[in-house]
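K.L.:
Submitted below is the structure of interest, expressed as structure tokens.
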Amino acid sequence: MTFAALEPDEVRSATLLFDVAETLPNDTVIDVRGTYTWEDARNGGSERSNWAPVLVGDFNNDSRYVFLEITPNSGPAGSFFEAYTDRLLPYEPVAAWFNTPDGIEPLERDLNSDAFGRVLFTFSSAGFAPGTYELVLYGQRSKLTAVQEFTVQ
């Protein structure tokens, strides 16, 4: 796909549609990652997109949230939890917060995805009352949001 010249701060986007082999069983996940190049007045370049899983099924399906794993998914107050996603853009600044029973609590930490769009970090539930919480990661360039629930016992 080729776009016409862009003005400063102008944006172009594209939608990609995939056809998969009819022999693949439903619920098969195919991880894909795009590579793109550009030419500009400076020197152009190339980059890779975030991981974009394709879920094989009988109908089109999408989600407002991207993959986020928290392990373990429950533990007593003071437990350490590990959060991981590989769905953000490479080298993207990431905002993070907790959705708590009492409201939003920011995660006071500078986070950035790596060259593959991955974020991996550990956090403590020290000071959390027993209950169900959500960790939210928000890609500040991609505007992708990852949400996962965990429980403090």
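The values are calculated or read from the model by the stated rules, or taken from the named source; none is laboratory data. Keep in mind that this is a model prediction, so the values were computed, not measured. A quick note on method: Cβ atoms are made from the backbone with ideal geometry, for glycine too, and the neighbour counts reach across all protein chains shown. Side chains are part of the model used for accessible areas, which takes the heavy atoms of the whole protein and leaves out ligands, DNA and RNA. Shrake-Rupley method; radii C 1.70, N 1.55, O 1.52, S 1.80 Å.
K.L.:
Running Debye on the chain with equal point scatterers at the Cα sites and no solvent, what base-10 log of I(q)/I(0) appears at q = 0.11, 0.15 Å⁻¹?
P.N.:
-0.57, -0.92
K.L.:
Still on this structure, please answer the following. Would you calculate the separation in nanometres between label points at Asp9 and Thr35, each defined as 7 Å from the Cα along the Cα-to-beta-carbon direction?
P.N.:
3.4
K.L.:
Dipole magnitude of region 81-153 about its Cα centre, charges +1 at Lys/Arg Cβ and -1 at Asp/Glu Cβ only, in debye to the nearest 20? Working shown, then result.
P.N.:
On the way: 5 positive and 10 negative charges, 49 e Å.
Here region 81-153 has a charge dipole of around 240 debye.
K.L.:
Hey, with R₀ at 30 Å, roughly what FRET efficiency would Leu120 and Asn61 work out to, going by the Cβ-Cβ distance, to 0.05? The partial results should precede the final answer.
P.N.:
Details: r = 27 Å, r/R0 = 0.90.
The formula returns an efficiency of 0.65 here.
K.L.:
For an R0 of 30 angstrom, estimate the FRET efficiency from the Cβ-Cβ distance between Asp19 and Phe80 and round to the nearest 0.05. Intermediate results must be reported in sequence, preceding the final value.
P.N.:
Working: r = 43 Å, r/R0 = 1.45.
Rounded to the nearest 0.05, the efficiency is 0.10.
K.L.:
Continuing with this model, one more query. What is the extension gain from Thr28 to Glu69, computed as 0.36 nm multiplied by their sequence separation minus the C-alpha to C-alpha distance, in nm to one decimal?
P.N.:
12.9 nm
K.L.:
Under 5 Å between amide hydrogens, which residues at least 5 positions from Trp51 or on another chain qualify, with H placed 1.01 Å from N in the peptide plane?
P.N.:
The list, which skips near neighbours in sequence, is Leu88.
K.L.:
For Ile104, project a label point 7 Å along Cα to C-beta. Then give me every residue of region 45-70 with its amide nitrogen under 19 Å of that point.
P.N.:
What the label zone holds, given the 19 Å backbone N cut-off, is 64-66.
K.L.:
Related question: From the backbone phi of region 4-16, what are the Karplus-calculated ³J(HN,Hα) couplings (6.51 cos²θ - 1.76 cosθ + 1.60, θ = phi - 60°) in whole Hz, Gly and Pro given as x?
P.N.:
Coupling constants for region 4-16: 5, 4, 9, 7, x, 6, 7, 10, 10, 9, 9, 10, 10 Hz.
K.L.:
Here is a follow-up. Relative contact order (percent) for the chain, with alpha-carbon contacts under 8 angstrom and 6 or more residues of separation?
P.N.:
RCO, the chain: 21 percent.
K.L.:
Whole number in Å², please: accessible area per residue of the chain, 1.4 Å probe, ligands, DNA and RNA not counted.
P.N.:
The answer is 70 Å² per residue.
K.L.:
Oh, and also: Between region 88-105 and region 122-153, what is the C-alpha centre distance in whole Å?
P.N.:
Measuring centre to centre over Cα atoms gives 7 Å.
K.L.:
Placing unit charges on C-beta atoms (Lys and Arg positive, Asp and Glu negative, everything else neutral), compute the dipole magnitude of the chain about its Cα centre in debye, rounded to 20.
P.N.:
It works out to roughly 200 debye.
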